[in-house]
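Colleague: Can you read through this structure? Questions will come right after.
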Amino acid sequence: MSTVSPVPRTDPDVWPPPRWELRLRAREVELPEWAEDAPDRAVVVATDRGVLQVHSFEVSTGRLIPATDRAQGTTTCAIDPRGAWVWWFDDTDGDEFGRWRRQPFGSPPGQGVQAPIALPDAYPAGLLLARDGTAVVGRTDERGTTVHQVVVGGTEYGTDTPVLLYRHPNDAVAAALSHDGNLVAIEHSERGDNRHPALRVVRTDTGAVVADLDDGPGRALSAIDFAPGGRGPPAPGRARAARPRVAGRVLLVGDAGGYIDALTGEGISLALAQAEAAVAAVAAGRPEDYEARWREIVRRYRLITEALVVAASVPPLRRALVPAARALPPVFGAAVRQIGR
């Protein structure tokens, strides 16, 4: 096989340009990011007049509406779970140093643009948007990385002071937010190796550490997302709605039922037990009985895992967990067997 280096154009007015240059001019459409609670709405980065810009995407009509019109383009964006706001990162001449802005979904460039996060310009290190309008924003500058909780609001932003959740001189990123908005997973390189990050989960109201996970030197961990229905402890002042598992003759089991084991991240044994209870309730003609039976099935798991999560949130207890398990293997084994039943 032989390759031929492209010949530079000596005359910019010659048309058409060579094939290698035409390839670089091809339009680009990236994968959309969907609004979790509004499946008809998404945000997508696509070419507009030769430059990548952020667009509102309305699925039912196929409309792709430019939201930005910046000379250097805009490629970092997000959409809130309700699909009301398109967020995009505003830097200077593409240097990736700047701040987050937002504007109403479907609005054209420059219309209704807000800068709702009252923090200095920095390099982006994650933006996570909760259903109640709260934002968790990661920022990196010459002093290191910080992660803040900011109360933004659904329709307009307030004046609440950002709450510092995490700070460290090394690289980190706000990677995932629990579906109730109470927990955030942070990928960090506190060991000094940003190619092999570890994970820390903290509460979004106080920054209290809930859990740490580190596979050790030379091994990397990445947070993709919290499991659907996996919910952390409710933050003070923020109610967590209890969702019923029964609606007429529709009964939810497994992941759809809203409980996943907090330690193993799976719930196969729970799902099988719930399915058996659901079948029994339907066969008896009393599907409404399933809700109470569901609570009985998960009660033991919830008590054990919530006790461990609470213990892990208290630093002295968290440090004592592993030594205690090593010193008392029968007790630790009994707890594991209870969870695995």
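Colleague: Test Phe89 against the stated conditions and say whether it is closer than 27 Å to His179 by Cα and assigned by TED's automatic domain parsing to the domain that holds Leu31. Spell out how you get there, then give the answer.
Modeller: Details: closer than 27 Å to His179 by Cα: yes; assigned by TED's automatic domain parsing to the domain that holds Leu31: yes.
Answer is yes for this residue.
Colleague: Name the strands (runs of 3 or more DSSP E) wholly within segment 70-188 that hold at least 1 residues that are of a type in the set (Ser, Thr, Tyr) and surrounded by fewer than 18 Cβ atoms within 10 Å (Cβ to Cβ)? Full working, then the answer.
Modeller: Numbers: elements: 77-79, 85-91, 98-104, 123-129, 134-141, 144-151, 163-168, 172-177, 183-188.
Where strands (runs of 3 or more DSSP E) fall fully within segment 70-188 and carry at least 1 residues being of a type in the set (Ser, Thr, Tyr) and surrounded by fewer than 18 Cβ atoms within 10 Å (Cβ to Cβ), they are 123-129.
Colleague: Just the residues that are assigned to a helix (DSSP H, G or I) and either among the small types (Gly, Ala, Ser) or in contact with a helix residue (DSSP H, G or I) (Cβ under 9 Å, 6 or more places away or on another chain) (or both), please, taken from segment 277-290. Walk me through how you get there before you give the answer.
Modeller: Let us first name the residues in segment 277-290 that are assigned to a helix (DSSP H, G or I), namely 277-283, 287-290.
Listed by number, the residues that qualify are Ala277, Ala278, Ala280, Ala281, Val282, Ala283, Pro287, Glu288, Asp289, Tyr290.
The values are calculated or read from the model by the stated rules, or taken from the named source; none is laboratory data. Note that the structure is predicted; figures quoted are calculated from it, not measured. We place every Cβ from the backbone using ideal geometry, glycine too, and count neighbours over all the protein chains shown.
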